[in-house]
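Notes for the one structure printed next.
The values are calculated or read from the model by the stated rules, or taken from the named source; none is laboratory data. Keep in mind that what you see is a predicted model, and the values were worked out from it rather than measured. With ideal geometry, Cβ positions are generated from the backbone for all residues, glycine too; neighbour counts draw on all protein chains shown.
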Amino acid sequence: MQIKAIRPDFVAEITEIDLRLPLSDAQVAEIDKVMDHFAVVVFPAQALNDDQEFAFANRLGPLEETRAVVDVHKQRLAYNQMNDISNLDVDGSILALDDRRRMFNLGNLLWHSDSSFKATPAKYSMLHARIIPPEDGNTEFADMRAAWDRLPEKTKHQIETLVCDHSLIYSRAQLGFDAFTEQELINYTPVPQRLVRRHPGSHRKSIYLASHIGTVHGMPRPEAMVLIRDLIEHATAREFVYSHKWKQFDLVMWDNRCTMHRARPYDDKNHKRDMRRMTLTDCAPTLEQPA
Ligand SMILES: [Fe+2]
C-alpha cells in the first residue's frame with residue numbers, strides 16, 4: 001500500500017490496497033501503525049458493499065454491537081453494527097423534514113467523538129460514501145493531540161485530571177431536541193470519561209472533548225460548561241482542522257480517542273446522501289485505562 005500525508009502528522013491517504021479483499025496480518029498492522037501516527041486515514045475509490053465493509057471493520061478489531069439512534073426499529077440496513085449516516089427512510093426515500101430521526105441526526109453537525117456517551121467508547125470509526133450530494137456536506141476533523149500540545153501549561157495543569165459526564169441527551173439539548181422516549185432516556189444515561197487521555201499507540205496526550213459533555217465532576221455546571229466551550233473553541237481552531245470533501249466510494253477512518261469530527265450541512269431536502277459507518281469499540285471505559 002502507498003501512504004501519503006495529506007496533513008502532516010494528522011491525515012494520510014492510503015492507495016494501492018483493495019479493501020474488498022481479506023487483509024493480511026501485515027496489512028492490519030501497517031494500517032494500525034498509520035492510524036497511530038496520523039489519526040485520520042482516507043482510502044479513496046473503494047467500491048465496497050455492506051458485506052465487504054463489515055468484513056474490513058471486523059478484521060481491524062472488535063465492533064460496536066449497538067446503534068445509538070432514535071426510532072431504532074426503523075432501520076434500512078441489514079447489519080446491526082452498521083450505522084446509517086444518511087437522510088433516507090426505510091424505503092429509500094428522503095426523510096420527511098419533521099422526521100424525528102432527521103432532527104436527531106442534525107446533532108452530527110456538532111463537534112463530537114463517536115460514542116463518548118457509551119461506558120466503553122469508540123476506537124476507530126470508518127465512514128463509507130455510497131451516494132453523495134452534488135455539493136457541500138464535508139466532514140471536518142480536529143486533532144485533539146495538537147490541541148493539547150498547544151494549550152497553555154496553566155490550562156493543562158487545570159484540566160489534566162478532570163472527569164466529564166457525556167450523554168446524547170446533552171448534545172441534543174444544545175439544538176433544542178428533547179423528544180426522547182422514556183426508554184431512550186434510560187439508554188442515554190450519562191457516563192463518565194477522562195478529559196485528558198494518553199493514546200496507547202503514539203503515547204501522545206489529547207483532550208477528550210465532545211458536545212456530548214454536560215457536566216464536569218466537582219464543578220458547578222455553568223462553570224464546567226464555560227470551560228468545555230472554551231476548550232472546544234480552542235481545539236477546533238482552523239490550524240487543528242482538516243475538512244474532507246467527499247468523493248463517491250471514499251472510506252474515511254478516524255481514531256475517536258484523539259480526534260473530534262462534525263458533519264457540515266448540505267441540501268438534505270432535495271439530495272440523497274447515503275453513508276454507512278462501522279465502528280470499533282475501545283478496550284475499556286477511559287477511567288479504567290492508564291492516565
Ligand atoms: Fe460522528
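List of remarks:
- If you filter the range 87-130 down to residues that are in a loop (DSSP other than H, G, I, E, B) and among the aliphatic types (A, V, I, L, M), you find that the one that is surrounded by the fewest Cβ atoms within 10 Å (Cβ to Cβ) is Leu97.
- Beta carbons closer than 7 Å, at least 6 apart along the sequence or on distinct chains, pair a first residue in the range 270-291 that is more than 13 Å from Asn256 (Cβ to Cβ) with a second that is among the small types (Gly, Ala, Ser) for Arg273/Ser86; Arg273/Gly137; Asp274/Ser86; Met275/Ser86; Met275/Ala129; Pro285/Ala119.
- Residue count for the range 148-170, restricted to those that are within 21 Å of Ala237 (Cα to Cα) and either surrounded by 24 or more Cβ atoms within 10 Å (Cβ to Cβ) or among the aromatic types (Phe, Trp, Tyr) (or both): 1
- Subset tally (residues that are among the small types (Gly, Ala, Ser) and under 22 Å from the mean Cα position of the chain (by Cα)) for the range 1-28: 2
- Residues located in the range 96-117, provided they are touching a residue at least 24 places away in the same chain (Cβ under 8 Å) and among the hydrophobic types (A, V, I, L, M, F, W, C): Leu97, Met103, Phe104, Leu106, Leu109, Leu110, Trp111, Phe117
- Out of Ala224, Ala237, Ala210, sole residue that is at pLDDT 95 or above and within 15 Å of the ligand (Cβ to nearest atom): Ala210
- Selection within the range 78-92 - within 16 Å of the ligand (Cβ to nearest atom) and more than 20 Å from Pro265 (Cα to Cα): Gln81, Met82
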